[in-house]
Amino acid sequence: MEVGVNFVGTAPRARSAKASILPLELKGVSFSVAGERLIGEIFCRLESGTRTVILGPNGAGKSLLLRLCHGLLQPSSGEVFWRGADGLDPTRCQAMVFQRPVMLRRSAAANVDYALALRKIPRSERGDIVREVLDQTGLARFAGQAARTLSFGEQQKLALARAWALKPQVLFLDEPTASLDPAATRAVEQIVAAIHAAGTKIIMTTHDLGQARRLADEILFLHKGRLIERGPAERFFTAPETAAARAFISGELLW
Amino acid sequence: MTDFGAAFAAAFRLVVTLDANLVEIVLLSLRVSLGAVAIATLIGMPLGAIVALFRFPGRTGAVVVLNALMGLPPVVVGLIVYLLLSRAGPLGVLGLLFTPTAMVIAQVILVTPIIAALTRQVIDDLWGEYAEQLRSLGAGPAQALPTLLWDGRFTLLIAVLAGFGRASAEVGAVMIVGGNIDHVTRVMTTAIALEVSKGDLALALGLGLILIALSLGINGTAYVLKGAAQWRSV
């Protein structure tokens, strides 16, 4: 699996002049459903450049937090604030890849093209971008194939290609490899690394410690909806500060 | 049982001899019903999708009304269209009463709620599956509408077929607004009703058999076409 990293250099669109919407600030964000608080008051600031991994056991609220950041959910209280936005529309500078890829009933290439059309990229530029991202993700030979006939792993790669085509400043990934086999997981991680190398901020959830070790620059450790520990990945794995994080790293379940 | 035997014989004779009257009636039936279904599809599908995707005051009421309208009695619709189109009615000047156009209008009213209500359910379910991904890509309900109609096309075919079933089978509305005039507005169902009242049960049953065969043919064709298209795009 060859994954190129020269995407930015060859991209037909120049977005380099654009200011970054980052950093992302969560100001006391909480989320409740029917009076039950699922996400505690979360204060944090996510800087550009790094790969942030939101780690925690199932049910910790990782996916909810990601959706709150991406704007798919509105916080019950607090604010999700893109400090650098300054006139930019933050929603146009983000993309998200979900645990289960949702492919439209059309070809792989048309799925990417659809996303570009929604962002009002002129038709004349779209073809080149589509070819390029399919190339970069190793999907070129599937361009004309119906997206839903691809294997699950290939669909997830296509979801990454579709997100990458948008050249987001921030890419959210919600457990993107949770239902993939090791080979597909590795391919997805390579693509994520390439997207990051091309200048995109990565914010991703996982409960897979190995994956967090491989990908994370920084860890946000979530437990029962609260952000209880945060720090550089290396420090988090070698010297976790909280008992919950120690228990999680050592493989003890916590609920 | 003699009636059934005679019915098959009558149907066979009509088909084999390509009876001119029969051909005329069949073609008019198809023209009216397919025309009505085509128009109802153009109105009902976007309407159903709008009710599914947009949030507006009274939406729940709209859903209930749409579902309830699936059961509109054809004779009542026929009567209302009759009153609208009759010489003294508000649209009387158009001179449409007792024409195939009047029959199409009545059937559009009958079929549109069926297509709209079924479309709403299909799109509602599809939106549940697609919503997060499409919203993440920046699509609001307005952009999602054509996307979901297209992605739901194979499921939505059943809505169109249900509409066609209604249109081709109903007799009440076309009888009232068409008048069952020979060579002008006589269709399969009104012809059957007429033959029954004349006592020619065999001919009526023969026409009925042809009507059922036509319906089977159209549904079968749709199924085969759907299968071929779906195989290519899953």
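The values are calculated or read from the model by the stated rules, or taken from the named source; none is laboratory data. Since we're looking at a predicted model, the values are computed, not measured. Counting neighbours? That spans all protein chains shown, and the Cβs are built from the backbone with ideal geometry, glycine included.
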Boolean, A:LEU73 is of a type in the set (A, V, I, L, M) and in contact (Cβ under 8 Å) with a residue 60 or more places away in the chain:
no
Those residues of region A:219-239 that are in contact with a Gly (Cβ under 8 Å, 6 or more places away or on another chain), crowded, with 20+ Cβ neighbours inside 10 Å and not small (Gly, Ala, Ser) come to a total of 5
Go through (1) of a type outside the set (S, T, N, Q); (2) in a helix (DSSP H, G or I); (3) within 12 Å of another protein chain (Cβ to nearest Cβ) one by one and return the number of the condition A:GLY153 breaks.
(3)
Conditions (1) in contact (Cβ under 8 Å) with a residue 24 or more places away in the chain; (2) closer than 19 Å to A:VAL170 by Cβ; (3) of a type in the set (S, T, N, Q); (4) at the interface with chain B (Cβ under 9 Å from one of its Cβ atoms): number failed by A:GLN99:
(4)
So which helices (runs of 4 or more DSSP H) are wholly in region B:122-234 and hold at least 3 residues that are among the β-branched types (Val, Ile, Thr) and away from chain A (no Cβ under 11 Å)?
B:172-178, B:188-198, B:201-233
Spot the failing condition for A:LEU160; the list is (1) crowded, with 21+ Cβ neighbours inside 10 Å; (2) under 15 Å from A:ILE191 (Cβ atoms); (3) at pLDDT below 95, and only one is missed.
(3)
Look through A:LYS120, A:LYS167 and report the one residue that is in contact (Cβ under 8 Å) with a residue 12 or more places away in the chain and on the phi > 0 side of the Ramachandran plot.
A:LYS167
I'd like the full set of residues that are in a loop (DSSP other than H, G, I, E, B) and within 12 Å of A:LYS167 (Cβ to Cβ), limited to region A:108-122.
A:ARG119, A:ILE121
What is the residue count in region A:17-31 for residues that are part of a loop (DSSP other than H, G, I, E, B) and in contact with a strand residue (DSSP E or B) (Cβ under 9 Å, 6 or more places away or on another chain)?
4
For residues in region B:86-121 being in contact with a Gly (Cβ under 7 Å, 6 or more places away or on another chain) and outside any helix (DSSP H, G or I), which is farthest from the other protein chains (Cβ to nearest Cβ)?
B:SER86
Find all pairs meeting these conditions: Cβ atoms under 8 angstrom apart; at least six residues apart or on different chains; first residue within region B:90-102 and over 9 Å from B:VAL177 (Cβ atoms); second residue surrounded by 18 or more Cβ atoms within 10 Å (Cβ to Cβ) and of a type in the set (Val, Ile, Thr).
B:PRO100/B:VAL32; B:PRO100/B:THR185
Restricting region A:85-96 to residues that are touching a residue at least 60 places away in the same chain (Cβ under 8 Å) and assigned to a loop (DSSP other than H, G, I, E, B), the one farthest from the other protein chains (Cβ to nearest Cβ) turns out to be A:ASP86
Considering only residues of region A:133-150 that are polar (S, T, N, Q) and away from chain B (no Cβ under 14 Å), which is surrounded by the fewest Cβ atoms within 10 Å (Cβ to Cβ)?
A:GLN136
Determine whether B:PRO113 is surrounded by 16 or more Cβ atoms within 10 Å (Cβ to Cβ), touching a Leu at 6+ places or on another chain (Cβ under 9 Å) and at pLDDT 95 or above.
yes
Search result, residues across region A:32-42 that are over 20 Å from the mean Cα position of the chain (by Cα) and either crowded, with 19+ Cβ neighbours inside 10 Å or assigned to a strand (DSSP E or B) (or both)
A:SER32, A:VAL33, A:GLU36, A:ARG37, A:LEU38, A:GLY40, A:GLU41
Just checking, how many residues over region A:205-255 are hydroxyl-bearing (Ser, Thr, Tyr) and outside any loop (DSSP other than H, G, I, E, B)?
3
Hey, can you tell me all the residues within region A:159-182 that are more than 12 Å from every other protein chain (Cβ to nearest Cβ) and in a helix (DSSP H, G or I)?
A:LEU160, A:ALA161, A:TRP164, A:PRO182
